[in-house]
1. I want to check the label-to-label distance for Phe89 and Lys137. Put each point 7 Å from Cα in the C-beta direction and report it in nm to one decimal.
2. Would you please put 53-65, 116-128 in order of how densely packed they are, using the mean number of other Cβ atoms within 10 angstrom per residue and starting with the highest?
3. Roughly how far apart, in whole Å, are the Cα centres of the range 1-66 and the range 71-123?
4. What percent do you get for the relative contact order of the range 21-148 when only Cα pairs under 8 Å and 6+ apart count?
5. Taking only DSSP H segments of four or more residues, each worth -39500 (n - 2.57), what value at 222 nm results for the chain once the sum is divided by all its residues, to the nearest 500 deg cm²/dmol?
6. Leaving ligands, DNA and RNA out of it, report the carbon-plus-sulfur percent of the accessible area of the chain at a 1.4 Å probe.
7. Shape call for the chain from the C-alpha gyration tensor, a ≥ b ≥ c root eigenvalues: rounded (a/c under 1.5), prolate (a/b greater than b/c) or oblate?
8. With r defined as the distance between the Cβ atoms of Ser103 and Tyr18 and R0 fixed at 22 Å, what FRET efficiency is calculated, to the nearest 0.05?
Amino acid sequence: MAHSKVRMWVHVVFCTKYRRQFISPDVKPKMYELLRKELRKKKCTVDVMNGMPDHVHILLQLDASKSIASLLHQCKGASSNTINKEGWFDREFKWSVGYGTFSVSQSLVDKVRTYILNQEKHHERIKFKEEYNRLLKLHGLEPDDLED
């Protein structure tokens, strides 16, 4: 084959440190744009991003040369550094160390996109801990012992 062709869809979920509710409606657009910018620097294409005051869901196309671990380490580190340098909050902002990433089949991209776009409605019925553990179970992973 003369050329390599790669499309890797990934659903990413990560939280603020201690699940503190930093992502208010007025901060959300600015924070999401900052995250998009960091992911673009790493040649990843963000399809959709949404979440709640304490966590973010992202559907992206992963650049084939990147590892999830290094990508998220860079994205979360650079964004929290910018947020703290610019003084967005009256206390230090941090992302949690952990994250969840889940492969998405091309045939399920629309379903995952809709799921992410409807986070606010979804969380009227379900808490983050239950949501996250359902995602883990769906992908054959052990539940996480998250604090409420």
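The values are calculated or read from the model by the stated rules, or taken from the named source; none is laboratory data. For clarity, every value in this text was computed on a predicted model and none was experimentally measured. Positions of Cβ are backbone-derived with ideal geometry, glycine not excepted, and every protein chain shown enters the neighbour counts. Surface accessibility is based on the protein's heavy atoms, side chains included, excluding ligands, DNA and RNA. Shrake-Rupley method; radii C 1.70, N 1.55, O 1.52, S 1.80 Å.
1. 3.0 nm
2. 53-65, 116-128
3. Centre-to-centre distance over Cα atoms comes out at 5 Å.
4. Working: 102 pairs, mean separation 27.7, N = 128.
It comes to 22 percent, rounded to a whole number.
5. Working: 5 runs with 56 residues, N = 148.
Calculated mean residue ellipticity at 222 nm is -11500 deg cm²/dmol.
6. Working: 4490 of 9060 Å².
It is 50 percent, rounded to a whole number.
7. Numbers: a/c = 1.71, a/b = 1.18, b/c = 1.44.
Taking the square roots of the gyration eigenvalues as a ≥ b ≥ c, the chain is oblate.
8. Details: r = 28 Å, r/R0 = 1.29.
Once the sixth-power term is evaluated, E becomes 0.20.
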